[in-house]
1. Quick test for you: out of A151, A140, A118, A159, pick the one residue that is in contact with a Lys or Arg (Cβ under 7 Å, 6 or more places away or on another chain) and of a type outside the set (V, I, T).
2. Mind checking which residues of the range 112-132 are farther than 13 Å from V24 by Cβ, in contact with a helix residue (DSSP H, G or I) (Cβ under 7 Å, 6 or more places away or on another chain) and within 13 Å of the ligand (Cβ to nearest atom)?
3. Please state which one of E110, E130, E147 is within 23 Å of P190 (Cα to Cα) and modelled with pLDDT of 95 or more.
4. What are the residues in the range 23-54 that are under 25 Å from L158 (Cβ atoms), aliphatic (A, V, I, L, M) and assigned to a loop (DSSP other than H, G, I, E, B), if any?
5. Residues in the range 52-91 that are over 23 Å from I186 (Cα atoms) and of a type in the set (A, V, I, L, M, F, W, C): how many?
6. Which of the residues that make up the range 242-282 are out of contact with any Phe, Trp or Tyr (no Cβ under 7 Å at 6 or more places or on another chain) and of a type in the set (D, E)?
7. Determine which single condition K262 fails, assuming it passes every other condition in (1) surrounded by 19 or more Cβ atoms within 10 Å (Cβ to Cβ); (2) in contact with a Pro (Cβ under 9 Å, 6 or more places away or on another chain); (3) not polar (S, T, N, Q).
8. All but one of (1) without any contact (Cβ under 8 Å) to a residue 24 or more places away in the chain; (2) within 15 Å of the ligand (Cβ to nearest atom); (3) closer than 19 Å to W63 by Cβ hold for A159, so report the exception by its number.
Amino acid sequence: MKDLAWLEKHLRPLLQWGERCATVRPTVYNEFGPWTCLKLIALKYHIQIYTTIMNKQLPALPWKAIDYVDILAGSGLDRIRDTGSLVSGSTIVACEGPRYRKFDHILAIENNPEYAMALAKRLGLFRPRETYEVIGYDAANHEDTIERFLAQHNAHYLAFVDYEGLGGFPWSNMERLLRHRGDLFITFIPSVGRVWSRDWQGDREKIAKLVGDDVASRARTHDDLYTGYLENIRRIRPNSLDIRIQSGGSYYYALIFCAGQKRVPGWFDALNSLKSKIETFDGTDVREALDRIEGRQGTFSKQATKRP
Ligand SMILES: C[S@@+](CC[C@H](N)C(=O)[O-])C[C@H]1O[C@@H](n2cnc3c(N)ncnc32)[C@H](O)[C@@H]1O
């Protein structure tokens, strides 16, 4: 059953933080469909669990810090296409999501210079300058930077790799990141279905770079790509689960969560309930909830099939 009160409760802070972000460079934002909020809610939910548990456990662990790494980070502000709502982007969710202990450091990589600059300024609203870094270049060339950042702080990490298009963070980088101790969220290449079906050689090569040559060469359908990709992730991270993010039309994508531990973490059940909850909703529920919260009568009802 859809718990609309739960959905609204989790949307409200995204809107509040978004309002604050919009005081800086208000015309610079990423633009997405309403279902993007489901992804942000899942991230926020996990961030609260992760930082609360690490707050207790860190003194007994070999790490000295917890860092958040946002690869393909965006501008820190997301505009929801159907409603005009402004919600905080993932990096800001990482600033404000924790309850008892903030991340010690944040690293964000974003290759659109305008977005990167706006994100850096927005981070300044939420955190001391010395605790974050924004790299305004191609994330594909920065796996070493991520590793240095984590090593410098002796940090356990939570990372988010939020794909858009067919570039950004190849499988070779992902494999290295997965071998470090930390938790990871990945949006499985949201445009891959559409691109796969048009069957262009150039696209096939880009897809192979993102999912790995072995997975791409075995795949007959784009579903095979996904299954193969998830299998490869589970080889390194056995405790991974995927959450279906649904537009309300035919379009959907997967948000994959990979736990850092080899054994099933004690809080994995909480993520399974998150999965059950998020999968009851779609973009239409989010659009209607945003309309209620922001006091609109209801926006013009379009089929929610446009891509992110
Ligand atoms: C899906 S959006 C991120 C949204 C963000 N995670 C959020 O929730 O607000 C992906 C971002 O990655 C950026 N991007 C795309 N290719 C990139 C690359 N090769 N290196 C760094 N950033 C890239 C895009 O400019 C875009 O802002």
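The values are calculated or read from the model by the stated rules, or taken from the named source; none is laboratory data. Just so it is clear, the structure is predicted and the values come from calculations on it, not from any experiment. So basically every Cβ, Gly included, is an ideal-geometry build from the backbone, and we count neighbours across all protein chains shown.
1. Numbers: A151 fails: in contact with a Lys or Arg (Cβ under 7 Å, 6 or more places away or on another chain); A140 fails: in contact with a Lys or Arg (Cβ under 7 Å, 6 or more places away or on another chain); A159 fails: in contact with a Lys or Arg (Cβ under 7 Å, 6 or more places away or on another chain).
Of the residues listed, the single one that is in contact with a Lys or Arg (Cβ under 7 Å, 6 or more places away or on another chain) and of a type outside the set (V, I, T) is A118.
2. If the condition is that a residue be farther than 13 Å from V24 by Cβ, in contact with a helix residue (DSSP H, G or I) (Cβ under 7 Å, 6 or more places away or on another chain) and within 13 Å of the ligand (Cβ to nearest atom), then no residue fits.
3. Working: E130 fails: within 23 Å of P190 (Cα to Cα); E147 fails: within 23 Å of P190 (Cα to Cα).
Being within 23 Å of P190 (Cα to Cα) and modelled with pLDDT of 95 or more holds for just one of E110, E130, E147, which is E110.
4. Here is the first cut: in the range 23-54, the residues under 25 Å from L158 (Cβ atoms) are 24, 29-30, 32-54.
Now drop any that are not aliphatic (A, V, I, L, M), which leaves 24, 38, 40-43, 47, 49, 53-54.
Within the range 23-54, V24 is the sole residue that qualifies.
5. At the first step, the residues of the range 52-91 found to be over 23 Å from I186 (Cα atoms) are 55-64, 82-85.
Cutting the leftovers down to of a type in the set (A, V, I, L, M, F, W, C) gives us 58, 60-61, 63.
Summing the residues that are over 23 Å from I186 (Cα atoms) and of a type in the set (A, V, I, L, M, F, W, C) in the range 52-91 gives 4.
6. D242, D269, E279
7. Evaluating K262 over (1) surrounded by 19 or more Cβ atoms within 10 Å (Cβ to Cβ); (2) in contact with a Pro (Cβ under 9 Å, 6 or more places away or on another chain); (3) not polar (S, T, N, Q) leaves (1) as the failure.
8. (1)
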